[in-house]
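Trainee: If you scroll down you'll find the structure; I have some questions about it.
Bear in mind these aren't lab numbers, they're just calculated from the coordinates by the rules spelled out. Since the model is a prediction, treat every value here as computed from it, not as a measurement. Please note: Cβ atoms are built from the backbone with ideal geometry, for glycine as well, and neighbour counts cover all protein chains shown.
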Amino acid sequence: MSLQIPRKRTILALHRWLGITSAVFLLSLSITGLALNHTESLKLDQIQIKNSFILNRYGMASGASIQAYRINQSDTLTHLDGQLFYNAVPLTRGSQPLGIITSDPIAVIATDTQLIYLTADGELIETINSSQLPYSILTAVGTTIDDRPVLISADGNWTPDADWLQFARFQGAYSVSPLNTIELSPADRSALLESFQGGGVSLYRVLLDLHAGRLFGWGGRTAMDLSAVAIIILITSGIGGWLRKSRRS
């Protein structure tokens, strides 16, 4: 008899904590389920969410990491979350620019592993990767004494020809100036984010993923699975206890 009492207390305590823990997830399931059942009347698919936390959960940068540069005198080149934009128009995937060289008739954007060739109007001509270049990783872009661009790398320094098709090794003097960033106007910033994010994420999608636990990735799905198991245990143990009491009566 003395062994049964501590065991009974342990089961009751476990039952209580399972109930408290699963109640949080059950409340989330209930609220999101009710909302999803009334998607049309609540117009959940028409409400767009642009909260930075939510956007980051979907791999959509909120704009905190925008780096903008001046190119072709009055245009802008921006880098956001591994993508380059020309006046808010998607250009190509690429890392942060190390140098921007404007010449006639093309402009060249140099990153650590790419050379990106553009027309004077900002249209993409070609992207050349480091496998096609005489170096593996570019570290900086400099200028020679006679004002020619020089590409600086651990494999040596190189100067391009007028068409940027051939590269010659360079061993002379050069200078390196940092690539200055500019501040985007609110209108330009909004246009860039609209181009990158689209209209945001619909509230319907967020609630659906929250309901299934997918909003928080593997951890969220696991928590929802464990809460479902806990609810099953609570229900079965509660029914079992009620049946035992019924038999005693």
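Trainee: Using Cα centres only, tell me the gap between the stretch 29-56 and the stretch 78-129 in whole Å.
Mentor: That distance is 38 Å.
Trainee: Now, a different point. Pick out, in residue order, every one of the GluC sites (Glu not before Pro) in the stretch 121-224 that is DSSP loop and has at most 14 other C-beta atoms within 10 Å; say none if there are none.
Mentor: Details: sites: 123, 126, 183, 194; in loops: 123, 183.
For GluC sites (Glu not before Pro) across the stretch 121-224 that sit outside H, G, I, E and B with at most 14 neighbouring Cβ atoms in 10 Å, the list reads 123, 183.
Trainee: Would you mind pulling out the separation of the Cα centroids of the stretch 202-220 and the stretch 159-189, in Å?
Mentor: Using only Cα atoms to place each centre, the spacing works out to 43 Å.
Trainee: Skipping prolines and chain starts, which residues have an amide H placed within reach, meaning under 5 Å, of the one on residue 76, given they are 5 or more residues away or on another chain?
Mentor: It is 71, 87, by chain and number.
Trainee: Considering the convex hull of the alpha carbon atoms of the stretch 63-197, report its projected area averaged over all viewing directions, in nm², one decimal.
Mentor: Values: hull surface 32.0 nm².
Projected over every direction and averaged, the Cα hull of the stretch 63-197 covers 8.0 nm².
Trainee: Under a 5 Å amide H to amide H cut-off, with H placed in plane at 1.01 Å, what residues pair with residue 83 once short-range neighbours are removed?
Mentor: Hits under the 5 Å cutoff: 94.
Trainee: Something else about it: By count of other Cβ within 10 Å, fewest leading, how are 70, 93 ordered?
Mentor: On the way: 70 15, 93 11.
The most exposed by this proxy come first: 93, 70.
Trainee: Next question, about the same structure. Choose one of 178, 160, 197: the residue whose Cα lies farthest towards the positive end of the charge dipole of the stretch 63-197 (beta-carbon charges +1 Lys, Arg; -1 Asp, Glu; about the Cα centre).
Mentor: Value: 178.
Trainee: Still on this structure: Before anything else, pin down the relative contact order of the chain: Cα pairs under 8 Å, at least 6 apart, normalised by residue count, whole percent.
Mentor: Working: 335 pairs, mean separation 48.9, N = 249.
Answer for the chain is 20 percent.
Trainee: Under the rule of -39500 (n - 2.57) per DSSP H run of 4 or more residues, summed and divided by the residues of the chain, what mean residue ellipticity at 222 nm is obtained, to the nearest 500 deg cm²/dmol?
Mentor: Numbers: 6 runs with 98 residues, N = 249.
Helices in the chain give a 222 nm mean residue ellipticity of -13000 deg cm²/dmol.
Trainee: Give me the orientation-averaged projected area of the Cα convex hull of the chain, in nm², one decimal. Mind dumping the intermediate values first?
Mentor: Working: hull surface 92.2 nm².
Hull-based average projected area comes out at 23.1 nm².
Trainee: With +1 assigned to the C-beta of every Lys and Arg and -1 to the C-beta of every Asp and Glu, and no other charges, what is the dipole magnitude of the chain about the Cα centre in debye, to the nearest 20? Display every interim value, and only then the final one.
Mentor: Working: 19 positive and 19 negative charges, 667 e Å.
Here the size comes out at about 3200 debye.
Trainee: Relative to the longest principal axis of the C-alpha atoms of the chain, give the angle of the C-alpha long axis of helix 4-37, reported between 0 and 90° and rounded to the nearest 10°.
Mentor: Computed tilt is about 50 degrees.
Trainee: Give the relative contact order (percent, whole number) for the stretch 103-249; include only Cα pairs under 8 Å separated by 6+ residues. Write out the running numbers ahead of the final one.
Mentor: On the way: 140 pairs, mean separation 14.2, N = 147.
Taking the mean separation of contacting Cα pairs over the length of the stretch 103-249, I get 10 percent.
Trainee: With the dipole of the chain worked out from charges on the C-beta (+1 for Lys and Arg, -1 for Asp and Glu) around the Cα centre, which of 151, 48, 96 lies farthest toward the positive end?
Mentor: Of the candidates, 48 comes out farthest on the positive side.
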